[in-house]
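What follows is one structure encoded as structure tokens, with my remarks underneath.
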Amino acid sequence: MKSTGLILFFSMVLGGLLVAQPKTLTKEESFSFDAENDVTKALVQAETEKTLSLQIEFKGFNKKDKEYKITARVLNAIKSPMKEFEPVTVDLDPRSGVADFLFTFMQRPGVKYSPEGIESRFIEFLVIDKAGAGSIPGLESIGLNSRKFVFRYQKKWRVKIVGQEVVVKLTPYKSASSIMQN
């Protein structure tokens with residue numbers, strides 16, 4: 001009996017550790033003009049109903065005369081940015097080789113959502129030279145030195161449905177004569 005409990009305890013502890021490990025995302029697309037600069041890996045560090053924490057690993061982006069920044073966006077099935085997530089921009093530190101991103105799901109007021117929620121399908125990372133043409137807001141994707149990397153990330157985001165009608169059916173438990181006042 002003790003050994004069964006011990007085995008059950010260790011399997012629960014080890015199972016919990018396995019679930020807590022980061023999930024590696026699959027790279028779908030890579031648009032870059034050089035092979036030495038690359039986003040090599042994207043990891044989901046943590047996710048909740050309303051947040052997503054990602055870390056990327058990259059190589060290159062270490063030219064002495066250039067500084068880079070990277071913008072990450074959550075995309076839908078047709079690879080359009082989802083308005084429920086603000087883009088996250090960070091400076092790349094070539095010495096570290098990693099960059100962290102935190103997304104927060106924000107339900108938009110006045111938008112009618114399906115009761116099933118909405119679904120994200122991809123994460124896009126766009127690396128641009130801070131001083132180049134791609135550094136102008138809105139023109140990031142057309143910069144000559146911009147590099148785009150798309151990773152698959154499929155998740156259903158739950159939404160709160162406002163004004164939903166709830167029907168409650170009351171069933172009597174006892175007759176009124178059996179109810180006593182304390």
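The values are calculated or read from the model by the stated rules, or taken from the named source; none is laboratory data. Since the model is a prediction, treat every value here as computed from it, not as a measurement. Neighbour counts are summed over all protein chains in view; Cβ atoms, including those assigned to glycine, are modelled from backbone coordinates with ideal geometry.
Of the residues making up region 88-111, those that are of a type in the set (Phe, Trp, Tyr) and in a strand (DSSP E or B) number 2. One residue stands out in region 49-61 among those that are surrounded by 14 or more Cβ atoms within 10 Å (Cβ to Cβ) and touching a Lys or Arg at 6+ places or on another chain (Cβ under 8 Å): the one that is farthest from residue 148 (Cα to Cα), namely 52. Kindly indicate whether residue 103 is modelled with pLDDT of 95 or more and either touching a Leu at 6+ places or on another chain (Cβ under 7 Å) or closer than 30 Å to residue 63 by Cα (or both). So residue 103 fits the description; yes. Evaluation of residue 46 against the conditions (1) surrounded by fewer than 14 Cβ atoms within 10 Å (Cβ to Cβ); (2) of a type outside the set (Asp, Glu); (3) at pLDDT below 80 shows that the sole unmet condition is (3). All conditions in (1) at pLDDT 80 or above; (2) over 13 Å from residue 153 (Cβ atoms); (3) in contact with a Leu (Cβ under 9 Å, 6 or more places away or on another chain) hold for residue 33, with the sole exception of (1).
Considering region 109-147, the residues that are surrounded by fewer than 17 Cβ atoms within 10 Å (Cβ to Cβ) and basic (Lys, Arg) include one that is modelled with the highest pLDDT, namely 112.
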